[in-house]
Amino acid sequence: MVSVLNLPVMSNESNLARYLREIRKFPMLEPGEEFMLAKSWREDGDTEAAHRLVTSHLRLVAKIAMGYRGYGLPLSELIAEGNVGMMQAVKRFDPDRGFRLATYAMWWIRAAIQEYILHSWSLVKIGTTAAQKKLFFNLRKLKGQMQAIDDGDMSDERVRSIAEKLDVPEIDVINMNRRLASPDHSLNAPLRAESDGEWQDWLVDETDNQEVRFAEREELGKRRELLRRAMEHLNDRERHILIERRLRDVPATLDDLSREYGISRERVRQIEVRAFEKVQKSIKNAAIEERLIG
């Protein structure tokens, strides 16, 4: 199984140089070799092929993980989570689609690292929606560009500028900025110095029960599967443009894609709209079929 591959381990920050030297020993793969290894794993369950696919991309994992060092978490843990994402990418990679593994895997690696950061950076869950996650991972960078890292509450002008760049409400920018600047406080702290009571004694449990959470996870899984199957009905160009325009945290511009494909901005927009409509129709039909069968 890909999930149990024996990989090099970086035990702590001081071992970074040694870890990087160790993973450089694994050779990069030529396109043809990568394709055959991926076919061997996908069709025959060849774990040695899967191991070579993963280890040849450990340098990519380390490079991506280093980009998240500013969140105060050990780099060894970020790399470990990124390696999990890499293994998941290999498990799901389809070489017949025409993409290189690195292009496909980088999004799995980033997703694994970002999920780990969101769960580990604070005791309180910070990002729950895609927009909140985008805000969490971009707010620090944009404040740095504005030289406003230590300003506390930002000016209205800066809040408005960040909200426009990330396409989120200004109040979300304000709340996230305050949340990132405030340390976590223990719920076991006493209400008053002379009181035996704690803050947690006054909290009401408003979380959903296990049945509701299970149903939500099951529904989310169904939606993701519907989207995955719908994307299979697109050709490579439609799929790539739709992903770049609709499924990225920071969408590609029409100008970028028009230059990449050598077509006009309007043609890119038309392809995007057509691909989106195809996906919508496919998901709708699949959902109707599922209800009829059920």
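The values are calculated or read from the model by the stated rules, or taken from the named source; none is laboratory data. Computed from a predicted model, the values in this text were never measured in an experiment. Cβ atoms come from the backbone with ideal geometry, glycine included; neighbour counts cover every protein chain shown.
A compact table of results
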{"read-out": "Within region 262-286, tally of residues that are in a loop (DSSP other than H, G, I, E, B) and surrounded by 13 or more Cβ atoms within 10 Å (Cβ to Cβ)", "value": "1"}
{"read-out": "Selected residue (only one of LEU73, LEU78, LEU53 is in contact with a helix residue (DSSP H, G or I) (Cβ under 7 Å, 6 or more places away or on another chain) and either surrounded by fewer than 18 Cβ atoms within 10 Å (Cβ to Cβ) or hydroxyl-bearing (Ser, Thr, Tyr) (or both))", "value": "LEU73"}
{"read-out": "Every pair of residues 6+ apart whose Cβ atoms lie under 8 Å, when the first sits in region 52-65 and is under 15 Å from PHE35 (Cβ atoms) while the second is in a helix (DSSP H, G or I) and not hydrophobic (A, V, I, L, M, F, W, C)", "value": "LEU53/GLU34; SER56/GLU34"}
{"read-out": "Filter result for the condition that a residue is modelled with pLDDT of 90 or more, loosely packed, with under 14 Cβ neighbours inside 10 Å and of a type in the set (D, E, K, R), over ARG259, ARG213", "value": "ARG259"}
{"read-out": "Extreme residue, modelled with the lowest pLDDT, among residues of region 162-185 that are outside any loop (DSSP other than H, G, I, E, B) and out of contact with any helix residue (DSSP H, G or I) (no Cβ under 8 Å at 6 or more places or on another chain)", "value": "ALA181"}
{"read-out": "Pick from region 77-94, criterion in contact with a Leu (Cβ under 8 Å, 6 or more places away or on another chain) and not β-branched (Val, Ile, Thr), ranking: farthest from GLU238 (Cα to Cα)", "value": "ASN83"}
